[in-house]
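Since every read-out is calculated from the coordinates, none of them should be taken as a lab result. The shown structure was predicted, so the numbers you read here are calculated from the model rather than taken from an experiment. Heads up, the Cβs are rebuilt from the backbone with ideal geometry, glycines too, and the neighbour counts pull from every protein chain shown.
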C-alpha cells in the first residue's frame, strides 16, 4: 500500500524524532531494529498527520496519549484516527503512564495483536 503524505510535514517529523517524549523514547527502544519481528518507523508522516509509530508491513499505527490530552485533543485524535483507518490502517493506543509503569504489558499487547493478525 502506498501512503501519501504532505511533504511540508517532513521537517516537523524530523524535529519530533529528535525531541521524543520520555515515553516515546522508552517504547522506541523496544520497537527499533525489528525486535518484534517487524520494522517500525517513528514520527511518520501519513496523509496530513504525523503518527508516533508506524509498521508498514502490518499497516499498524501505535499512538501514545499524554497526560495533556484535553477533550479538544481527544476529539482531534478521534477524527484523525477515523481518517487514517479509512485508509486501511489499524491503531493501538497506550497512555504515556502505561509505557512508563507497565512497558512489559504494552509490549505483550503489541505482540499479541501481531500474532492475532497472522
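Key figures
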read-out: Fraction of beta bridges assigned by DSSP in region 21-116 that are antiparallel (%, nearest 5); value: 55 percent
read-out: Cα radius of gyration and Dmax for the chain (Å); value: 13.7, 36
read-out: Extension gain from residue 109 to residue 19, taking 0.36 nm per residue of separation minus the Cα-Cα distance; value: 29.8 nm
read-out: Computed [θ] at 222 nm, helices only, for the chain once each DSSP H run of length n ≥ 4 contributes -39500 (n - 2.57); value: -14000 deg cm²/dmol
read-out: Full-stretch length increase - residue 72, residue 11 - with 0.36 nm per residue and alpha-carbon distance subtracted; value: 19.4 nm
read-out: Residue 4/residue 101 FRET efficiency (R0 30 Å; Cβ-Cβ; nearest 0.05); value: 0.25
read-out: Zone residues, region 26-49, relative to residue 63, backbone N less than 15 Å from point 7 Å out along Cα-to-Cβ; value: 43-49
